[in-house]
1. When only residues in region A:181-208 that are within 14 Å of chain B (Cβ to nearest Cβ) and β-branched (Val, Ile, Thr) count, which is surrounded by the most Cβ atoms within 10 Å (Cβ to Cβ)?
2. Quick check on my filter: what residues within region B:402-418 are open to solvent by 50 Å² or more (accessible area, probe 1.4 Å) and in contact with a Phe, Trp or Tyr (Cβ under 7 Å, 6 or more places away or on another chain)?
3. Being open to solvent by 70 Å² or more (accessible area, probe 1.4 Å), at pLDDT below 90 and out of contact with any strand residue (DSSP E or B) (no Cβ under 9 Å at 6 or more places or on another chain): is that true of A:PHE111 here?
4. Would a scan of region A:126-137 turn up a residue that is surrounded by 17 or more Cβ atoms within 10 Å (Cβ to Cβ) and either more than 14 Å from chain B (Cβ to nearest Cβ) or over 19 Å from A:VAL74 (Cα atoms) (or both)?
5. In region B:117-131, what count of residues is obtained for those that are in contact with a Lys or Arg (Cβ under 7 Å, 6 or more places away or on another chain) and either open to solvent by 20 Å² or more (accessible area, probe 1.4 Å) or more than 7 Å from chain A (Cβ to nearest Cβ) (or both)?
6. Being under 22 Å from B:GLY336 (Cβ atoms) and assigned to a strand (DSSP E or B) is the filter here; which residues of region B:520-536 pass it?
7. Listed residues B:ARG455, B:ARG421; which is assigned to a helix (DSSP H, G or I), open to solvent by 50 Å² or more (accessible area, probe 1.4 Å) and of a type outside the set (A, V, I, L, M, F, W, C)?
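The values are calculated or read from the model by the stated rules, or taken from the named source; none is laboratory data. What you see is a predicted model; the values in this text were computed from it and never measured. Cβ placement follows ideal geometry from the backbone for every residue including glycine, while neighbour counts extend to all protein chains displayed. The accessibility values were calculated without ligands, DNA or RNA, using every heavy atom of the protein model including side chains. Shrake-Rupley method; radii C 1.70, N 1.55, O 1.52, S 1.80 Å.
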Amino acid sequence: MGALLDIIGNEVTYSSAMRFAVLLLFAASGEWVAERAGTLNISVEGMVLAGAFGSAVGYDLTGSTVAAVFVGSVAGFLVSTIQANLSHRLPADQFVVGLTINILVLGLVGFLDNVLEPTVVRASQLTIPVLASFPVIGPALFDQPWPLFLVYPLVPAMWWLVYRTRWGLEVRASGEDPNSADVSGIHVNKRRRQTIYVAGITSGLGGAYLVLGAVGSFADSIVGGRGFIAIAAVIFGGWTLRGSVAGCLLFGAVVSFRLSLPDQGYDGINTEFLSALPYIVTIVGMALFAHRIRPPAALAKPFLRGLN
Amino acid sequence: MAISESASREPQTSQQTSQQWLENEPAVEVVGITKRYGQVAACDSVDLVLRRGQIHGVLGENGAGKSTLMKVLIGLVVPDAGQVIIDGRPSVITDPIDAAAKGIGMVHQHFSVVNALTVWENVALGDQDRLNPQAVRNEIGDLSRHYGLDIEPNAIVGTLTAGLRQRVEIIKCLRRSPRTVILDEPTSVLTPGESEALFEGLRRAVEDEGMAIALVSHKLDEILGATDLVTIMRRGQVVANLPTSQSDAPGLARAMVGRPVSLRSERMLADRPLADRPTQAERAGSKSGLPKPVQKTASLEIRSVYAQGDDGRSLLNGLSLAVNRGEIVGLAGVEGNGQRPLGDLLSSLLPVSQGEVRVDGHPIVCGKAGAMARARISVIPEDRHDSGCVLEMSVAENLFLADPTLVSRRGVVDRRKMMDRAQGLIDRFAISCEGPTAPMWSLSGGNQQRVILAREMAHAPRVLVAAQPTRGLDVGAIEYMSSQLRQAAEEGVAVLLISTELEEILDLASRLIVLSEGRIVGGMDRDQVDIEQLGLMMGGAGT
């Protein structure tokens, strides 16, 4: 019990949790938009990896972390154009496309990494005065590498896009009832493609943050399935943005325990158990919440005009 | 260039909108519209004129061609021949958005609103300019007041009653200021009070703004109460066109249902008047020499069953019926009055809130998977593709899908046994296919239906429920299906024939019962059929 309070009271716990949660927040915020339009976009994993590698190459070429972040988001976007156009223009099965993209990106990045061998550094630390000295959680939120701060405007921007614009209304209608949306004059598949582009850009930013903010180097195993955890966070959050953010923070915290607990001297806990913990929490979380949440009614259902 | 173009267009449009509408000026004219689906003409050179300032009723049974005609008007169906003239100009309507641009709006029978969105979001959906929630909410308020269609703009549509959901759709339609509005069976989900309010609002729109309204309905009283003119359609053709003031319910019912003559009964019975035709009982008796009915205890008995859908809507509303051994009971009624829930109930798909189902006197658990089938109730489902068969699987697999234990041992399918038995059923039911391994999709609709029939009959059922068994089949297939149902009855099966086609019921059933709004509203023996009375019951006016 005392140990638990110790962990809760330690700012390292939060800094470490935040570092993992932010990658999920980047990826999940775009994924959330795509899912609201009706795509269960599993290629988010590949988008994050492409973003990570793109930013590494970008930094290697320009020596600028700003340029690197930009190149990372472009790389994520490029991957998303494949997913969007194959699954909502042709239309190929979105899961087959997503799975293929994930494998393709992994192979391509592994190959290019060997050829280019980009070298990266960590982006400079940004400290917000006053707020950063807030006890316990101050450093976690306000004393971090600068790309992390992009997530603060990004999340509300996604909320505003989906709930406050005509585009967002059409996105939600496309994800709930594409036939009614179509009758109302909405280009359902166009909206769905656009949301996947959004997911590509935010996932690319997430990858850039991972390389430049969290790790400071690149390896092709860097994402390691966390794109999928972002998808789980959206589902865990019941397809609301608030819930998705909560899911990202929870999963991020759990992922960080594997590193932060031994760091703080709690090495009595089985490390294999800590490694498995995020997935256990994901499954338990889904089991607890699955019956209460309602996905977008047309999630993962392709829309073909005139079929009904 | 762009400026001069818009400048030259502007006076024209403003002139158009400010122009006082002329009483009874045609808003939309339909000339010689024909639409065929295969051999069947859904619309056969139909003419219709919708005039401004009038509510025009379009009356007809299911499949009379009303819906197809209306779909032509909003661009969902492209006609094979004929022309649509809007405000005097021949027009081609490409899709619903185009129709809206040309001033035609439609309120659909099956709602096209998104349940997860709020009322105002649904109304705004499809707008082209910036989203302005407050302006949309204000417009909804204005329209509600003007037409007496009260609604809360911030409510989630999915939480509303069916009547209010329809109201959302009407407001969405009216907001685009259409000059012609088509309402497809608008009151099928409304309470009488709601219907009355709707018609008051429509009357106001017609009188104040010169709107032209087409009211598609099968309900006699609402056609009589709400319309100025009525067009009656039957089998794709217009059979009557008259001012509502010169018509009455019995006359309309007669014109709508028509003289029930079908190809099959014609062939068998020449052209004898209805009352002289032998009933199914007599026919069976004359053929087999057996007295009919075989036994007077009810094989299938449904006692005041109530059931609600997921959305809380009442599906079955105190339904009671009984079918005896060896008889075919025909369940007549207009589609959407509980046929599907009844079929689901007898397929163990629908739990009930009250009431019970008995087979040979034994109560059966409702809504428990397989319970009805174990009680030997066989169902030929309404939609054979949706729940009747698996198109990607073979004929043999489809034949034993419902009960693989017939051809398997300890959970392993005995392939030779399956093929042998399948071949036996293929021969017995004369299923035309390349063999037991042929994929189901390679069969014609009639033969797919034979596979389903063969599967259901292979169980030696006590009760056979046939829901729309001949829908979409050609004449030969219809005849085969009919003879099989007769034969089943002769063998002592209690047959419940659920059909929206009155002719089919009159041809097969020995007794008719009429379903309306989830309950049986009346019945009559086949040899005492009173078409007028039947039409009134189906139209909800006979009780």
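1. My answer is A:VAL188.
2. The one that is open to solvent by 50 Å² or more (accessible area, probe 1.4 Å) and in contact with a Phe, Trp or Tyr (Cβ under 7 Å, 6 or more places away or on another chain): B:LEU406.
3. Numbers: open to solvent by 70 Å² or more (accessible area, probe 1.4 Å): yes; at pLDDT below 90: no; out of contact with any strand residue (DSSP E or B) (no Cβ under 9 Å at 6 or more places or on another chain): yes.
Spelling it out, it is not the case that A:PHE111 is open to solvent by 70 Å² or more (accessible area, probe 1.4 Å), at pLDDT below 90 and out of contact with any strand residue (DSSP E or B) (no Cβ under 9 Å at 6 or more places or on another chain).
4. Taking region A:126-137 and keeping what is surrounded by 17 or more Cβ atoms within 10 Å (Cβ to Cβ), we get none.
No, region A:126-137 contains no residue that is surrounded by 17 or more Cβ atoms within 10 Å (Cβ to Cβ) and either more than 14 Å from chain B (Cβ to nearest Cβ) or over 19 Å from A:VAL74 (Cα atoms) (or both).
5. Step one: of region B:117-131, the residues in contact with a Lys or Arg (Cβ under 7 Å, 6 or more places away or on another chain) are B:117, B:120, B:122-123, B:127, B:130-131.
Now narrow it down to the ones that are either open to solvent by 20 Å² or more (accessible area, probe 1.4 Å) or more than 7 Å from chain A (Cβ to nearest Cβ) (or both): B:120, B:122-123, B:127, B:130-131.
Number of matching residues: 6.
6. Of everything in region B:520-536, those that are under 22 Å from B:GLY336 (Cβ atoms) and assigned to a strand (DSSP E or B) turn out to be B:ILE520, B:VAL521, B:GLY522, B:GLY523.
7. Values: B:ARG455 fails: open to solvent by 50 Å² or more (accessible area, probe 1.4 Å).
Within the list B:ARG455, B:ARG421, the selection yields B:ARG421.
Residues are listed down the side, and each one gets a yes or a no for (1) touching a residue at least 60 places away in the same chain (Cβ under 8 Å); (2) open to solvent by less than 50 Å² (accessible area, probe 1.4 Å); (3) under 16 Å from A:ALA27 (Cβ atoms); (4) within 18 Å of the chain's Cα centre (by Cα):
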| residue | (1), (2), (3), (4) |
| --- | --- |
| A:ILE231 | yes, yes, yes, yes |
| A:ARG242 | no, no, no, yes |
| A:LEU259 | yes, no, no, no |
| A:ASN270 | no, no, no, no |
| A:ALA276 | no, yes, no, no |
| A:VAL284 | no, no, no, no |
| A:ARG292 | no, no, no, no |
| A:LYS301 | yes, no, no, no |
